[in-house]
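Remarks on the structure that follows.
The values are calculated or read from the model by the stated rules, or taken from the named source; none is laboratory data. What you are looking at is a predicted structure, and each value in this text was computed from that prediction instead of being measured. Neighbour counts are summed over all protein chains in view; Cβ atoms, including those assigned to glycine, are modelled from backbone coordinates with ideal geometry. Just the protein is used for accessible areas: all its heavy atoms, side chains included, with ligands, DNA and RNA removed. Shrake-Rupley method; radii C 1.70, N 1.55, O 1.52, S 1.80 Å.
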Amino acid sequence: MTLTKQIITISMVILGTVITRCLPFILFPADKPTPKYIKYLGTVLPPAVFGLLVVYCLKDTTFLTGNHGIPELISILLTVAVHLWRRNMILSVASGTICYMLLVQFIF
């Protein structure tokens with residue numbers, strides 16, 4: 001990349017970041033009530049994203065060969081158990097990820 005292309009690329013990244021950070025405050029100012037569809041999306045999208053994440057993570061798992069998806073199943077069960085126990089999304093995702101990595105690296 002030339003210096004000009006690098007400057008243009010960095011400028012576009014900065015502009016995109018500033019726009020995405022400021023746009024919600026411009027569209028939905030604090031003195032006006034938040035529209036119902038935005039509140040609806042706020043309640044529906046997080047579970048949808050995690051459902052999509054589960055599907056993406058399990059798409060290449062083969063249950064008929066190899067370790068039959070055992071590390072994935074154990075990690076998912078741990079993630080669900082930790083989430084039901086602590087109701088902390090970061091803790092539950094981190095525990096499932098660490099469990100999976102340990103199982104894959106040292107056991108399976």
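Pairs needed: first member in region 88-108, under 19 Å from G69 (Cβ atoms); second member anywhere, among the small types (G, A, S) and exposed (fewer than 15 other Cβ atoms within 10 Å of the Cβ); C-beta distance under 9 Å; at least 6 residues apart or different chains.
S95/A81; F108/G66
Could you tell me which residue of region 65-79 is farthest from Q105 (Cα to Cα), considering only residues that are at pLDDT below 95 and exposed (fewer than 13 other Cβ atoms within 10 Å of the Cβ)?
Only one residue fits best here, namely T65.
Show the residue pairs meeting these rules: Cβ distance below 8 Å; 6+ apart or different chains; first residue within region 1-13 and surrounded by 10 or more Cβ atoms within 10 Å (Cβ to Cβ); second residue of a type in the set (A, V, I, L, M).
Taking only residues 6 or more apart or on different chains, the pairs are T9/M1.
Within region 93-104, is there a residue that is touching a helix residue (DSSP H, G or I) at 6+ places or on another chain (Cβ under 7 Å) and within 30 Å of P24 (Cβ to Cβ)?
Start the filter on region 93-104 by keeping residues that are touching a helix residue (DSSP H, G or I) at 6+ places or on another chain (Cβ under 7 Å), which leaves 93, 95-96, 99-100, 103-104.
Filter once more, keeping what is within 30 Å of P24 (Cβ to Cβ): 93.
Checking region 93-104: at least one residue is touching a helix residue (DSSP H, G or I) at 6+ places or on another chain (Cβ under 7 Å) and within 30 Å of P24 (Cβ to Cβ).
What number goes with the only condition from (1) modelled with pLDDT under 95; (2) of a type outside the set (F, W, Y); (3) over 15 Å from V54 (Cα atoms); (4) surrounded by 14 or more Cβ atoms within 10 Å (Cβ to Cβ) that C99 does not pass?
(1)
Residues to consider are I19, I107; find the one that is of a type in the set (V, I, T), open to solvent by 100 Å² or more (accessible area, probe 1.4 Å) and either on the phi < 0 side of the Ramachandran plot or touching a Leu at 6+ places or on another chain (Cβ under 8 Å) (or both). Reasoning before the result, please.
Numbers: I19 fails: open to solvent by 100 Å² or more (accessible area, probe 1.4 Å).
Exactly one of I19, I107 is of a type in the set (V, I, T), open to solvent by 100 Å² or more (accessible area, probe 1.4 Å) and either on the phi < 0 side of the Ramachandran plot or touching a Leu at 6+ places or on another chain (Cβ under 8 Å) (or both), namely I107.
Only residues in region 44-69 that are closer than 23 Å to H83 by Cβ count as the first member; pair them with residues that are open to solvent by 80 Å² or more (accessible area, probe 1.4 Å), Cβ under 7 angstrom, at least 6 apart or cross-chain, and list the lot.
What qualifies is G69/F63.
Can you name every residue in region 28-50 that is surrounded by 10 or more Cβ atoms within 10 Å (Cβ to Cβ) and of a type in the set (D, E, K, R)?
K39
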